[in-house]
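The values are calculated or read from the model by the stated rules, or taken from the named source; none is laboratory data. Small disclaimer: the values here were computed from a predicted structure and weren't measured. Here Cβ is always computed from backbone atoms with ideal geometry, including for glycine, and neighbour counts include all displayed protein chains.
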Amino acid sequence: MLISDAVAAALSELGVDTVFGLVGSGNFRVTNALIANGARFVAARHECGAASMADGWARLTGRPGIVSVHQGPGLTNALTGITEAAKSRTPMVVLAADVAASATRSNFRIDVAALATGIGAVPARLHSPGLALDDTVRAYRTAADERRTVILALPLDVQAGEAQMPSAGTDGALGSLRSRLTGRRPRGAPGTGAGGPGGGRARGDGGEPPPSAAVAHLAQAVGQARRPVFIAGRGARLAGARADLEQLADACGALLATSAAAKGLFRGNPWDLDVSGGFASPLAAELIRGADLLVGWGCSLNMWTMRHGALVGPDATVAQVDIERDALGAHRPVDVKVVGDVAVTARQVAALLAGQPAAPRGGQAEASFGRGSGGYRSEPLRERIAAEVRWRDVPYDDQSDGVRIDPRTLSIALDDLLPAERLVAIDSGNFMGYPSMYLSVPDADGFCFTQAYQSVGLGLSSAIGAAIARPDRLVVAALGDGGALMGVSELETAVRLGLGMVIVVYDDEAYGAEVHHFGPDGFPLDTVRFPPVDIAAIGRGFGCGAARVRQRADLAPLRDWLDGPRERPFLVDAKVVSDRGSWWLEEAFRGH
Ligand SMILES: Cc1ncc(C[n+]2csc(CCOP(=O)(O)OP(=O)(O)O)c2C)c(N)n1
Ligand SMILES: [Mg+2]
């Protein structure tokens, strides 16, 4: 068996069943071998699209996304999507064909390892036919267990070598492949490391460590807090910690919020403030700013989530819980630091609190801190949250004029129209807050936010990957016109796959982010403004259903499409009002 076939067989033993890529001569064999082993191959039209599809897919499945690319330009084309994945700690293995070490004059020669290191991915390589399977298993496990993005270089000469037995350390993961290589019956455990939604993280069931002094310190802070707010991040989502955090919040009267990456985690909880940060509604921001204790649970409390510190009240104690020590205090000073799994730590804090006499509390003081009373919670506040916390309930001056629709009005209309079981994926740009804030999502799997690299143009592809991962949900890709046209080639992919997704383009005929940032200072804007483009017609050309929307009533074709079989994507080209920048934009530029 050739190494290219054996690598594919090893990956399928490890659980690989879906591969995104674009095939050239260097990855032809390995990709077809993956297909022969039962994997679904999703052909993208641009390698960056393949990487972002795998990224979106991995975020929704919790399993390593697999990308297959040709040597040289195949990999460099994919780089921006891979960088987003690496910065988001998306588990991913990029199968990157590479020239032989001896091909020093090859046109395709690039320094793959340096390139991987430079973008924060983990470099890996098939070193020789003898080591190739160990290299493959290690790459996959690094992705799955450590949530890293790994670029596995597949040199052509090694790929063409004859497969040999993996070492004793890895063959347990490759039971039947071992038997195919040796002719002996399989033994040992089936493939491991496939991850699941936890992506290999400790989920805290069984064998929990005893509470540390740091957990006791956190319990003390939680027990003493009068207005605690929990902010849950990606780590809380990965740890499956919703129920444990809610129970602890019930016990201490905390309000609940998330980072953008974990939006939807507490959906349905009456104390949910939704996203903390630039997207926070006025009431959410007021309540977070009013907290005397902020606990970041698997959340980095970065400049976006804390609005550059503006959401941290002057006297607030800040605590942070994370499975990785390096994450603690990485973005802002933290008073109480706990290294630990979010769910385990929440349970331990709750247990310590239960064994503790109740601390005296404000107006609602009582022995039982059951759901709905104590701490920050009160009946009037519950009513206020119900009435005011959603952006769509915040009054605004509708700027729609019949020719251009106010992006808020558009987003609210979409929120009304689209089924609740949805998954919203967002590209980057001035527009991005509108769908993030006005489209509700049913849970944390309802939001795919590829913003760790702040790249324009990844939204459509990550939405396609998410749609493949979650065929049960209506996927909504929310794009600017700039991002839509940058990633446009993947419309063909969405149509070819028959994805019944909605693509909403907030079309201001500009790189609005730049227009609003530089315009007020009188800079020339010719470089960032464009003549009108009929993006609906482009969508139709690719085979999408489409509508140009200038006012609410223009959404009627979308309603009809929703009532139909949804066998192809529907594109909404919304000509939006863009008379001024959005309020989260200045915040974003402060982070540049
Ligand atoms: C790949 C990449 N190129 C350039 C930028 C700089 N940039 C940030 S937002 C933006 C405008 C994007 O335009 P559009 O998608 O239409 O969204 P809008 O800002 O108009 O709402 C640009 C060019 C970037 N973030 N990423
Ligand atoms: Mg635009």
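Values computed for the structure shown
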{"quantity": "Selection count where residues are more than 14 Å from ARG566 (Cα to Cα) and of a type in the set (A, V, I, L, M, F, W, C), scope region 463-502", "calculated": "13"}
{"quantity": "Cross-chain or 6+ apart pairs with Cβ under 6 Å, region 388-402 first and surrounded by 15 or more Cβ atoms within 10 Å (Cβ to Cβ), then assigned to a loop (DSSP other than H, G, I, E, B) and of a type in the set (D, E, K, R)", "calculated": "GLN399/ASP406; SER400/ASP406"}
{"quantity": "Residue selected from region 450-460 under the condition surrounded by fewer than 24 Cβ atoms within 10 Å (Cβ to Cβ) and more than 9 Å from ligand 1 (Cβ to nearest atom), by the criterion nearest to VAL502 (Cα to Cα)", "calculated": "GLN451"}
{"quantity": "Among the residues listed as ASP341, ASP292, ASP272, the single one being surrounded by fewer than 24 Cβ atoms within 10 Å (Cβ to Cβ), more than 20 Å from GLU383 (Cα to Cα) and charged (D, E, K, R)", "calculated": "ASP292"}
{"quantity": "Region 445-461, residues that are more than 15 Å from ligand 2 (Cβ to nearest atom) and assigned to a helix (DSSP H, G or I)", "calculated": "ASP445, GLY446, SER461"}
{"quantity": "Subset tally (residues that are of a type in the set (Gly, Ala, Ser) and more than 8 Å from ligand 1 (Cβ to nearest atom)) for region 496-516", "calculated": "2"}
{"quantity": "Subset of region 244-266 [among the small types (Gly, Ala, Ser), in contact (Cβ under 8 Å) with a residue 40 or more places away in the chain and under 22 Å from ARG59 (Cβ atoms)]", "calculated": "SER259, ALA260, ALA261, ALA262, GLY264"}
{"quantity": "Hits in region 412-440 - residues which are among the aliphatic types (A, V, I, L, M) and either within 16 Å of ligand 2 (Cβ to nearest atom) or under 19 Å from PHE570 (Cβ atoms) (or both)", "calculated": "ILE412, ALA413, LEU414, LEU417, LEU418, ALA420, LEU423, VAL424, ALA425, ILE426, MET432, LEU439"}
{"quantity": "Selected residue (criterion: farthest from ligand 1 (Cβ to nearest atom)) from residues of region 517-538 that are in contact with a strand residue (DSSP E or B) (Cβ under 9 Å, 6 or more places away or on another chain) and either farther than 17 Å from VAL549 by Cβ or polar (S, T, N, Q) (or both)", "calculated": "LEU525"}
{"quantity": "Complete set of residues in region 315-332 that are modelled with pLDDT of 95 or more, over 18 Å from SER259 (Cβ atoms) and surrounded by fewer than 19 Cβ atoms within 10 Å (Cβ to Cβ)", "calculated": "ARG325"}
{"quantity": "Any chance PRO442 is in the same structural domain as ARG548 (by TED's automatic domain parsing), outside any helix (DSSP H, G or I) and more than 28 Å from ASN302 (Cβ to Cβ)", "calculated": "no"}
{"quantity": "ARG408, sole failed condition from (1) at pLDDT 95 or above; (2) over 30 Å from GLY564 (Cβ atoms)", "calculated": "(2)"}
{"quantity": "Elements of type helices (runs of 4 or more DSSP H) in region 501-586, at least 3 residues being within 12 Å of ligand 2 (Cβ to nearest atom) and touching a residue at least 24 places away in the same chain (Cβ under 8 Å)", "calculated": "512-518"}
{"quantity": "Positions within region 18-35 being of a type outside the set (Ser, Thr, Tyr) and surrounded by fewer than 18 Cβ atoms within 10 Å (Cβ to Cβ), in sequence order", "calculated": "PHE28, ASN32, ILE35"}
{"quantity": "Helices (runs of 4 or more DSSP H) contained entirely in region 58-175, each with at least 1 residues that are under 19 Å from the mean Cα position of the chain (by Cα) and in contact (Cβ under 8 Å) with a residue 40 or more places away in the chain", "calculated": "73-87, 132-146"}
{"quantity": "Any hit, region 73-81, residues being within 20 Å of LEU14 (Cα to Cα) and of a type in the set (Val, Ile, Thr)", "calculated": "no"}
{"quantity": "Test for ALA420: is it surrounded by fewer than 20 Cβ atoms within 10 Å (Cβ to Cβ), assigned by TED's automatic domain parsing to the domain that holds ASP398 and more than 19 Å from GLY545 (Cα to Cα)", "calculated": "yes"}
{"quantity": "Out of LEU585, LEU525, sole residue that is under 25 Å from the mean Cα position of the chain (by Cα), modelled with pLDDT under 95 and of a type in the set (A, V, I, L, M)", "calculated": "LEU585"}
{"quantity": "Region 474-485: number of residues that are within 16 Å of ligand 2 (Cβ to nearest atom) and either among the β-branched types (Val, Ile, Thr) or surrounded by fewer than 20 Cβ atoms within 10 Å (Cβ to Cβ) (or both)", "calculated": "1"}
{"quantity": "Test set (1) touching a residue at least 60 places away in the same chain (Cβ under 8 Å); (2) among the hydrophobic types (A, V, I, L, M, F, W, C); (3) within 15 Å of ligand 1 (Cβ to nearest atom) - LEU479 fails condition number", "calculated": "(1)"}
{"quantity": "Yes/no for PHE542 being within 16 Å of ligand 1 (Cβ to nearest atom) and either in the same structural domain as SER578 (by TED's automatic domain parsing) or farther than 24 Å from LEU458 by Cβ (or both)", "calculated": "no"}
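Yes or no, residue by residue, for (1) surrounded by fewer than 24 Cβ atoms within 10 Å (Cβ to Cβ); (2) within 16 Å of ligand 1 (Cβ to nearest atom); (3) in a helix (DSSP H, G or I):
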| site | (1), (2), (3) |
| --- | --- |
| SER411 | no, yes, yes |
| PHE431 | no, yes, yes |
| ALA463 | no, yes, yes |
| ASP472 | yes, no, no |
| ALA494 | no, no, yes |
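Conditions (1) polar (S, T, N, Q); (2) in contact with a Phe, Trp or Tyr (Cβ under 8 Å, 6 or more places away or on another chain), marked per residue:
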site	(1), (2)
ASN269	yes, no
SER281	yes, yes
GLU286	no, no
MET306	no, no
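Each row is one residue, and each column tells you yes or no for (1) in the same structural domain as ASP445 (by TED's automatic domain parsing); (2) in a loop (DSSP other than H, G, I, E, B); (3) more than 11 Å from VAL67 (Cα to Cα).
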| residue | (1), (2), (3) |
| --- | --- |
| ALA8 | no, no, yes |
| PHE20 | no, no, no |
| ARG29 | no, no, yes |
| ILE35 | no, no, yes |
| ARG45 | no, yes, yes |
| CYS48 | no, no, no |
| ALA51 | no, no, no |
| ALA54 | no, no, no |
